[in-house]
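Undergrad: Handing you this structure, nothing more for now.
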Amino acid sequence: MRVIGIAGTAKNTGKTTTTAALIEQTGRAGKALGLTSIGYDGEETDNVTGLPKPRLLLPVGTVVAIAEKCLATGSAKIQVLKRLGISTPLGEIIVGRVAAEGLVVIAGPNKEHQLAEVLEQLKALRPDLILVDGALNRLAPMVETEGLILATGAARTHDPDRLFRETLDLCEVFQWPVLKTQLMARLLAARKQPDSDWAISVLDEAGKVQMLEGKSLLAGQQVESLLGLVSPRAKAILIPGIVSYSCLKQLLDGLLSQPVRPGLVFADPIKLVVSQDFFDIKIVLDRWREEGGSLALLNSLPLLMVTLNPFYPAYCDSTRSYTAAFIDGDMLREKLSRRLRVWVVDVKKPEAQKILQELLDFTHPA
Amino acid sequence: MGNSAKQRVLLAPLDPVHDIGLKIMKRHLEANGHETFMLPPDYKAEEIIQKAIDEKVGTILISRTLGYGVAELLAGFVDLADAAGLRKNVRIAIGGMAIRPELAAELGFDAGFGPGTNPDEVLAFVEGREYVPDLSKESKQKKDISAGYSYRYKHERIGQLLDKIVDFIFDWAADKTSPGVIRAEIREKMLRAEAVFQAGKVSEHEYKKALAELQQAYLEHSDETVRKFFSEGIIPAKTRPLSGSELASLEEYVRETESRMSIKRVQHIGENPTVFIQYGTGCPFMDIAHIKMGESWGADGVVHFDPSWGARTEGFLSGYLTHEEDGSVITPENLRQIKDSLHSSTLWQVRAHRGLNTPETVLLAGAIGADLTKINIAYGAMGAGTDPARMCIDGIAAIKYAAKYNLPFDVVTNEELAGVPAFKAFAGMLVVARLARRLGAKPILQPLFCYSPEMMITGGMEDNYVDFNAAKIMALRKIIDAPMWPGAPIGFLTQTEDRVQSSMTTGLHAALASSLGVDAISIASSDEAYSGGPIVAASRVDTLQAVTEAFRFFGHTKIQPTAKAERHAGEIIAGIQKVLEQIVEKGCFVQAMYDGILGAPEDGAYPGRVGRGRVITL
């Protein structure tokens, strides 16, 4: 596994701290590192709360893909190797190598297909590990990575029970099974051209595939048309794009009123978790399963680790500023560890170093 | 890669309220032949994405004001669009008051448009080409504010009286000189020697020898303070040389600042006056920081203020000196440092209107590249403490240098602040202006725009600040066709320690000046009258912004004074004529100053004593 993404569930959940800890651990393990970001990070202070933010200290030899304007901002010396012709609000993306250690502000490609291109370029330089730093709560471009670390914490919500439930919900989607090869082959065969996009499709027991225009399910009329294609022999429904809560609810209500229980297939976990109504979506999907339905993915995105940051910025009325506040992270971490099949870590704790090493041993066996 | 083909653009206010920015863009895009789809406010992200898919648009423009949790909301929208596969073919930009490129990058947009965005920038984004700003709108050129005036006297009688008085001055001064004039002559030789050496025409040894001789002669005509500085290295109190590292970081500061600054314009219409700010913090470093700040917020010119002790001391020090109190020390090195830090479009005025170094100040200003200077014999003698005879001799020499170096100069009338009635101050100003014309120089009249102390006593400005200030311009216009530069600064005695109030009154005085069609104004910072120390940089921005807003607000609209203005103007003209007749009767301009004709003790004016008895009769 070469490419690991670090995504956050909100601002201040500890993406950059996690990235910095991984950079340090990679250095200790003597591995060559590549780095990019799907947003803009590395400022000294948060541009909303004014609280200090961790910055990224990059060792000599690290290869980076960053926007041109970042070059002048950090203290590291970066030798430009290639210009990629990908433009961002902070200038063209360049690939470079750190020539003198220092702090680096990382802003990179901010969309999925650009990240794919940038990763190809970084891979060509053959680092042992490539990290993709997240931005805010953004996740979509992370489908281009090979494994994901989810940074969450009290900055998302400082209600520990709610944070617990939300984290379980998010992580659960990443653990859904991948569609059986045989069914996948049928769907693949039904596409007009091998390289064309997936479309919303219904597969029946006989292997017949019927398709709708488009890949996302966002309009009520589309749901009507889709329900019209579902026969008692329907085996699977593929929604390769995104889905709105209201459309999904309309679809499942329609299906549940019939005895038919086709498998619902989504392209990858990201397509669901990017929805602003994700937790409502999760409720109707859970109900679908309780009623005998099944869920699957076309492509998996392995969730490797959850990092839990007990910090949150609390607004203080008397000083009219934000101050650092904390929830009981140890208790929540223990509760999550018992329920999740991945590491749950507070990267600021002393034991984190050992766990990060275990992670690297797992992703990069000697 | 330009694409001016017809584009389909979705405009979506991701906001509870409609956004005016999107409406402006809708109009601009349609005017440029593109098709737009405007969504009502408060649509859900999924609905916007569905619309973009249905209408097959190439661009989505989102507008949103920032607030709690909005960053996540916007990033979520971008994510959803990405996950829907939209971003391969559709570009998404965000606009709003709090948007900056860094934020747009963090949120994942293709571009971000903040306040002050030119609609053409967004058009370029939609058409997929690089935005090239129209630099002709931004670039600034120095303006000669004295250009286009004939200096013709419209009031014949006053013109005749002025010529008579100037004849008296020439007669009186014909056989006189002063240490100040002599030092300026020596300085001229020093500058010439330097030029000859730099041209490689003499050896370094010869140059140094010549310079040492000239320096010796210079010190013979200087005060003890200056002699001790050169012979024993004793530096006056609260003054010290800048270190090498301070100078290096100053140069770095200027280089770095210029690399990221842009020049703004205060003026809204061509008729708005040129705007000057004043600097003189004592520290060249701080001065330059203030100048750069002024330039980037629209100041057209900057005025160098020297310390008051500099005006009372015979001779200049040398080197890069910083001073812990008001006023920045004049040395050739300090002036060169400041000159090198100025933007090419910035007008630079070095004041020389008072004191014992007036001729040498104008000479240095001219030689080092100033654009303007400031000279007034009457003010220097009646308001600034220099002996009238000495000020007259030094003033004539200074005006000759101003003519030689083509430095237009304002003739300031700040003695009005001491209580001298405007008509007396104006009489002195008009004498100096006539003298300047006879010597081939370009004087600029500087009536004070203030809450005039004479009016405070008589109650003449109780109703408004407009009539009397307008009357001054109307009166001068009836007398002569000459450039005018009210100051200095405008709004004097109307400002308080309240920065909003100070900015407001400055803006209104600027609007009045513009309405009266003057050529230039000098403005104070919003804390200048009450700073009790170096002024705060932000307070410069206050008044520059206030003036910008005032110019924007009024445009070509005129301010209409009441009938009282015309009456005041008549009184001022009559007063000026009376004073000039008294001088003619006296038969000597200098004696008239001693005798209080241009401002008497009962007005609050006393003939100055600095330099008294140091006029040399040949």
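Undergrad: In the range A:195-220, which residues give up 20 Å² or more of accessible area once the other protein chains are added, compared with their chain alone (1.4 Å probe)?
TA: Those are A:LYS215, A:SER216, A:LEU218, which lose 20 Å² or more relative to the chain on its own.
Undergrad: Then there is this: Mind checking the mean number of beta-carbon atoms from other chains within 10 Å of the Cβ atoms in A:240-247?
TA: 5
Undergrad: Restricting everything to alpha-carbon atoms, can you work out Rg to Rh for the range A:198-257 with a Kirkwood hydrodynamic radius?
TA: Using Cα coordinates only, the ratio equals 0.93.
Undergrad: Taking only Cα atoms, what is the 0 to 90° angle, nearest 10, from helix A:352-363's long axis to the longest principal axis of chain A?
TA: 50 degrees
Undergrad: Charges only on Cβ, +1 for Lys and Arg, -1 for Asp and Glu: so what's the dipole of the range A:181-297 about the Cα centre, in debye to the nearest 20?
TA: Charge dipole of the range A:181-297: 300 debye, to the nearest 20.
Undergrad: Write down, largest first, the equivalent ellipsoid semi-axes of the range B:541-598 in whole Å, where each equals the square root of 5 times an eigenvalue of the alpha-carbon gyration tensor.
TA: Value: 39, 18, 7 Å, ordered largest first.
Undergrad: Run the Debye formula on the Cα coordinates of the protein assembly as shown, all scatterers equal and no solvent, and tell me log10 I(q)/I(0) at q = 0.05, 0.09, 0.10 1/Å.
TA: -0.47, -0.98, -1.10
Undergrad: I would also like to ask the following. Over all residues in B:50-58, what is the mean tally of Cβ atoms on other chains that come within 10 Å of each residue's Cβ?
TA: Partner-chain Cβ atoms within 10 Å, mean over residues of B:50-58: 2.
Undergrad: How big is the B/A interface in buried accessible area, both sides summed, 1.4 Å probe, to the nearest 100 Å²?
TA: 2800 Å²
Undergrad: Given the C-alpha centroids of the range A:58-101 and the range B:190-252, what is the distance between them in whole angstrom?
TA: Each part's Cα centre sits 49 Å from the other's.
Undergrad: What is the ratio of the Cα radius of gyration of the range A:227-366 to 2.2 N^0.38 Å, with N the residue count, to two decimals?
TA: 1.44
Undergrad: Moving on. Can you give the Rg/Rh ratio of the range B:405-463, where Rg is from the C-alpha atoms and Rh is the Kirkwood radius?
TA: Rg/Rh for the range B:405-463 comes to 1.10.
Undergrad: Name the residue farthest towards the positive end of the dipole of the range B:488-618 from the options B:THR617, B:ILE535, B:ALA574, assuming +1 on Cβ of Lys and Arg, -1 on Cβ of Asp and Glu, about the Cα centre.
TA: Of the listed residues, the answer is B:THR617.
Undergrad: For the range B:1-160, build the convex hull from the C-alpha positions and give me its volume per residue in Å³.
TA: Hull volume over Cα atoms, normalised by residue count, gives 189 Å³.
Undergrad: Hey, which lysines would be in cross-link range of B:LYS578, C-alpha to C-alpha under 22 Å, not counting anything within fewer than 8 residues on its own chain?
TA: Counting by Cα, and skipping residues close in sequence, B:LYS578 has these lysines nearby: B:LYS154, B:LYS164, B:LYS424, B:LYS472, B:LYS478, B:LYS564, B:LYS586.
Undergrad: Just the accessible area per residue of the protein assembly as shown, please: how many Å² with a 1.4 Å probe?
TA: That works out to 41 Å² for each residue.
Undergrad: Could you check what % of the DSSP bridge pairs in the protein assembly as shown are antiparallel, to the nearest 5?
TA: Taking every DSSP beta bridge with both residues in the protein assembly as shown, the antiparallel ones total about 35 percent.
Undergrad: Set Lys and Arg Cβ to +1 and Asp and Glu Cβ to -1, take the dipole of the protein assembly as shown about its Cα centre, and tell me which of A:GLY39, A:ALA352, A:PHE278 lies farthest positive.
TA: A:GLY39
Undergrad: Ranked highest first by average number of other Cβ atoms within 10 Å, how do A:78-86, A:139-147 line up?
TA: My ranking of the peptides, most packed first, is A:139-147, A:78-86.
Undergrad: So for chain B, averaging the separation of alpha carbon pairs under 8 Å that are six or more residues apart and normalising by length, what relative contact order in percent results?
TA: Rounded, it is 14 percent for chain B.
Undergrad: If we count every other residue with Cβ under 13 angstrom of B:PRO284's Cβ, Lys/Arg +1 and Asp/Glu -1, where does the sum land?
TA: -3
Undergrad: Let me understand chain A better: what is its radius of gyration from the alpha carbons, and its Dmax, in angstrom?
TA: 21.9, 69
Undergrad: First compute the accessible area of the protein assembly as shown with a 1.4 Å probe, then give the percent of it belonging to carbon and sulfur atoms.
TA: 51 percent
Undergrad: Find the Cα radius of gyration of the range B:99-256, compare it with 2.2 N^0.38 Å by division, and give the number to two decimals.
TA: After normalising by residue count via 2.2 N^0.38 Å, the value is 1.95.
Undergrad: Cα-based Rg of the range B:520-573 per 2.2 N^0.38 Å, rounded to two decimals?
TA: 1.61
Undergrad: Now a separate question. What do you get for Rg/Rh over the range B:232-341 if you use C-alpha atoms and the Kirkwood form of Rh?
TA: In the range B:232-341, Rg relative to Rh is 1.03.
Undergrad: Any chance you could check the range A:130-159 for residues losing 20 Å² or more of accessible area when the partner protein chains are in, compared with the chain on its own (1.4 Å probe)?
TA: Buried on complex formation: A:LEU136, A:ASN137, A:ARG138, A:ALA140.
Undergrad: For the protein assembly as shown, build the charge dipole from Cβ charges (+1 Lys, Arg; -1 Asp, Glu) around the Cα centre, then report which of B:ALA93, B:VAL181, A:THR18 sits farthest towards its positive end.
TA: B:ALA93
Undergrad: Return the subset of A:LYS215/A:LYS282; B:LYS208/B:LYS339; B:LYS189/B:LYS292; A:LYS11/B:LYS51 for which the Cα-Cα distance in this structure is over 23 Å, preserving the input order.
TA: The pairs that break the limit, which is 23 Å between Cα atoms, are B:LYS208/B:LYS339; B:LYS189/B:LYS292; A:LYS11/B:LYS51.
Undergrad: I've got another one for you. What would the Debye formula give as log10 I(q)/I(0) at q = 0.23 Å⁻¹ for the alpha-carbon point model of the range B:443-558, no solvent?
TA: Result of the Debye calculation: -1.32.
Undergrad: While we're on this one: Send over the Kirkwood Rh of chain B, from the inverse of the averaged 1/r over different Cα pairs, rounded to one decimal Å.
TA: 27.3 Å
Undergrad: Magnitude of the Cβ-charge dipole of the range B:8-138, K/R +1 and D/E -1, about the Cα centre, nearest 20 debye?
TA: It comes to approximately 220 debye.
Undergrad: Any idea what angle helix A:278-290 forms with the longest principal axis of chain A, computed on alpha-carbon atoms, 0 to 90 degrees, nearest 10?
TA: 40 degrees
Undergrad: So for the pair A:LEU84, A:ALA72, with labels modelled 7 Å out along Cα→Cβ, what separation do we get in nm?
TA: Taking the simple label geometry, A:LEU84 and A:ALA72 are separated by 2.2 nm.
Undergrad: How large is the translational diffusion coefficient of the range A:181-297 in µm² per second when you combine the Kirkwood radius over alpha carbon pairs with Stokes-Einstein at 37 °C and 0.692 mPa s?
TA: Diffusion coefficient, whole number: 231 µm²/s.
Undergrad: Once you average over the residues of B:102-115, how many Cβ atoms of partner chains fall within 10 Å of each Cβ?
TA: Mean shielding by partner chains, rounded to a whole number: 6.
Undergrad: Here's something else I'd like to know. In µm²/s, what is D for the range B:339-426 at 20 °C and 1.002 mPa s, where D = kT/(6 pi eta Rh) by Stokes-Einstein and Rh is the Kirkwood radius from Cα pairs?
TA: Roughly 162 µm²/s, to the nearest whole number.
Undergrad: Residues with amide H under 5 Å of A:LEU303's amide H, sequence separation 5 or more or different chain, H placed in the peptide plane at 1.01 Å from N; which?
TA: So A:LEU303 has HN proximity to A:LEU148.
Undergrad: Determine the percent antiparallel among the DSSP beta bridges restricted to chain A, to the nearest 5.
TA: That works out to approximately 45 percent antiparallel.
Undergrad: Once you charge only the Cβ atoms, +1 for Lys and Arg and -1 for Asp and Glu, what is the size of the charge dipole of chain B about its Cα centre, to the nearest 20 debye?
TA: I would put it at about 1600 debye.
Undergrad: Net charge near A:LYS215: determine it from the other residues with C-beta under 11 Å of the C-beta of A:LYS215, scoring Lys and Arg +1 and Asp and Glu -1.
TA: Local net charge: -1.
Undergrad: Which percent, nearest 5, of DSSP beta bridges in chain B are antiparallel?
TA: Taking every DSSP beta bridge within chain B, about 10 percent pair in antiparallel fashion.
Undergrad: Which net charge results when you count Lys and Arg as +1 and Asp and Glu as -1 among the other residues whose beta-carbon is under 12 Å from that of A:LEU183?
TA: Combined, the nearby Lys, Arg, Asp and Glu give +1.
Undergrad: Per DSSP H run of n ≥ 4, the term is -39500 (n - 2.57); total these for chain B, divide by its residue number, and report the mean residue ellipticity at 222 nm rounded to 500 deg cm²/dmol.
TA: -15000 deg cm²/dmol
The values are calculated or read from the model by the stated rules, or taken from the named source; none is laboratory data. For clarity, every value in this text was computed on a predicted model and none was experimentally measured. For neighbour counting, all protein chains shown are included, and Cβ atoms are generated from backbone atoms with ideal geometry for every residue, glycine included. Each accessible area value is taken on the protein alone, full model and side chains, heavy atoms only, with ligands, DNA and RNA left out. Shrake-Rupley method; radii C 1.70, N 1.55, O 1.52, S 1.80 Å.
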